[in-house]
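Since the structure comes first, as structure tokens, the remarks are kept for the end.
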Amino acid sequence: MPRVLVLDPLAQEGLDILQRAPGFEVEVRPGLSGEALRAALAEADGAIVRSGVKITADALRGNRRLRAIVRAGVGTDNIDKQAATRQGIVVMNTPAGNTVSTAEHTIALMLALSRNIAPAYQSLLEGRWERGRYMGTQLADKTLGIIGLGRIGQAVASRARGLEMRVLGYDPFVSRERAQELGVQLVESVEELLPRVDFLTVHTPLTPETRNLIGRRELELLRPGVRLINCARGGIFDEEALVEGLRSGKLGGVALDVFATEPCTSSPLFGMPNVLCTPHLGASTEEAQTQVAAEAAMLLVDFLTTGAVRHAVNMVAIDPQKLEGLRGFLDVGYRLGLLLAQLDRRPARSCRIQYRGEVAGKDTRLITAAIAAGLLAHSLEEEINIVNAELLLRERGIELVEQSRSDMGAFSSLIQAELTTEGATYRAAGTLFGHNMARLVQLDDYRLDAYLDGVLMIFTHRDVPGIIGRVGTLFGEYQVNIAQMAVGRTARGGEAIGVLNLDTRPPEAALQAVLAHPEIHSATVIELPAPGEQPPWLGG
Ligand code: NAD
Ligand code: MLT
């Protein structure tokens, strides 16, 4: 029975979905931290959070049960995603549910700043009628600079265009065409944007690159009187630099919904003239909260009942239909990884993967993750799956390179993986016959056709008469049944390779007897899952 923890206040619509899910046990426990949080997470299959609870590496330490954390909202900076990934826990968010609300809040703050709404009301409350004091500025015909043109940045841009503002934008991952559709003039750097704007708003995540994106040096580049707005994440503006900029008169106003440290109830900015702050209210509308709560609950229920992953922030998305379409190739990839890892036990350095034919048009990142899972499956203590395998491989300094070619070779689809270890390079290629028959069709330069399952013995030899017969006789003597045999050679009489599919693992003495043959140069036993047997992350 899936056990779900709700760790922050969540709209009733979300709780209803969880409670209606058949067999789900739901516990609402906001405000947990430290050991109590760790203990609660250790007994849950899934958790829903907003931004209050902090899911640190320590909170996940030793957790063997939790499979998913869903953030009802966008920012996942309160979750240690590295730690979650390492433990194979999927982290998902609900990226679109609060876009409009946050964009509207940004516009609200921009309007309120430009018309001194907050101090003017405050003066009324204090019994003053000061019409001359609160002269404002119009937004129409002013230039708004937007840094970060993702969902919220774009929604702000289209609203600002509706207010007849000129909009300049900077975002390295937005195309000129998309910017044009939005009526945004794209610039090439923050430095190019700053001297040209009357208002500046940021809508990026908080990353090492965006922390203190706007500091003292950047304020120097602004024209005097510019108003700044941050409804994204605290820390993108350097708050000390803002205080200085306001004091010197360089800044015309600052509106913040988010702070470097939250909750924030005291700041040198509070009470300064031309400052307007709200306590992280961007997404605080009934509509946004209902939407993110319902979406988060559905994501978690779907994941825990069908394995569907959508909006994952620490792995590629995988919905059940896509999973079905990929299952066979994921299996081939995983088996190729397992095979390569057993060919050479020396430390791996890199793995180059090539997809050719129809498979190149599929979501190959998932197949690459499956190959990585195969490479590591028998090497690490922790459980490996397609969520954590790539990260673990890269953490070990093993380079993973992926290439795709849509043209078809000898097979309609081919997955080739080349593993370089400290001693050698091995290449194995596989394909899928029908929907689920994994085949090994190439090993190094040899073409062949072998089952990619069960126990394999791979032996290199000189292509001379009698070798296959001799190996067959030897295995017969040791009661090892050969289920299938494939041979490949580069040239007649040259080096050749044999791949035997065996019913059982041959005893060491049988291997030694094979190796004693003067024309046999190497013999390696590989163990792969039985036909149809799949790893747990593929539903096996
Ligand atoms: P998004 O992922 O759709 O967009 C972020 C954009 O920032 C992307 O297009 C990305 O290319 C761009 N970007 C990243 N680094 C950049 C850089 N160095 N320079 C320029 N652009 C850069 O995210 P979103 O849904 O639009 O959310 C934006 C921010 O708003 C996030 O920080 C999110 O956590 C925050 N947020 C706040 C509230 C709130 O309550 N105040 C609500 C929702 C979201
Ligand atoms: C978000 O990232 O979704 C917002 O900051 C709103 C919230 O914290 O709930």
Describe numerically, in nm with one decimal, the distance between label points set 7 Å from Cα along Cα→Cβ at ARG161 and at ASP503.
7.1
Under a Cβ-only charge scheme (Lys and Arg +1, Asp and Glu -1), can you give me the dipole magnitude of the chain about the Cα centre, in debye to the nearest 20?
800
Could you tell me the extents of the stretch 320-530's C-alpha atoms along the three principal axes, largest first, rounded to whole Å?
47, 38, 29
Give the total of Lys-Lys pairs in the chain with Cα-Cα distances below 29 Å; include a pair only if its members are 8 or more places apart or on different chains.
5
How large are Rg and Dmax for the stretch 240-391 when calculated on the C-alpha trace, in angstrom?
24.5, 70
How many nm is it between the label spots at GLU519 and TYR478, if each spot is 7 Å from the Cα in line with the beta carbon?
2.0
How far, in nm, would the chain grow between THR56 and SER284 when pulled straight, counting 0.36 nm per residue and subtracting the alpha carbon separation?
79.6 nm
Could you please state how large a percent of the accessible area of the chain is carbon and sulfur, counting protein chains only and using a 1.4 Å probe?
50
Given charges at Cβ of Lys, Arg, Asp, Glu: the chain dipole, positive-most of ALA297, ALA68, MET110:
MET110
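Based on the Kirkwood radius over alpha-carbon pairs, what is the Stokes-Einstein translational diffusion coefficient of the stretch 1-146 at 20 °C with 1.002 mPa s viscosity, in µm²/s? It would help to have the intermediate numbers written out before the result.
On the way: Rh = 18.4 Å.
Taking Rh from Cα pairs, D becomes 117 µm²/s.
Can you give me the span-like helices of the chain, meaning DSSP H runs with 24 Å or more of Cα extent along the axis and Kyte-Doolittle mean at or above -0.5?
Span-like helices in the chain: 286-306, 320-343.
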Rounded to the nearest 5, what % of the DSSP beta bridges within the chain are antiparallel ones?
50
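For the chain, what is Rg from Cα atoms divided by 2.2 N^0.38 Å, rounded to two decimals?
Details: Rg = 30.0 Å, N = 540, 2.2 N^0.38 = 24.0 Å.
Normalised Cα radius of gyration, the chain: 1.25.
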Computed accessible area, HIS517, all protein chains, 1.4 angstrom probe, square angstrom
40
Write down the accessible area per residue of the chain in Å², having rolled a 1.4 Å probe over the full set of protein chains.
46
Give me the percent of DSSP beta bridges within the stretch 185-329 that run antiparallel, rounded to the nearest 5.
5
Dipole size in debye (nearest 20) for the stretch 99-277 around its Cα centre, Lys and Arg Cβ +1, Asp and Glu Cβ -1?
440
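The values are calculated or read from the model by the stated rules, or taken from the named source; none is laboratory data. Keep in mind it's a predicted model, so treat the numbers as computed, not measured. Virtual Cβ from ideal backbone geometry, glycine too; neighbours counted across all protein chains shown. Heavy atoms of the whole protein, side chains included, go into the accessibility calculation; ligands, DNA and RNA do not. Shrake-Rupley method; radii C 1.70, N 1.55, O 1.52, S 1.80 Å.
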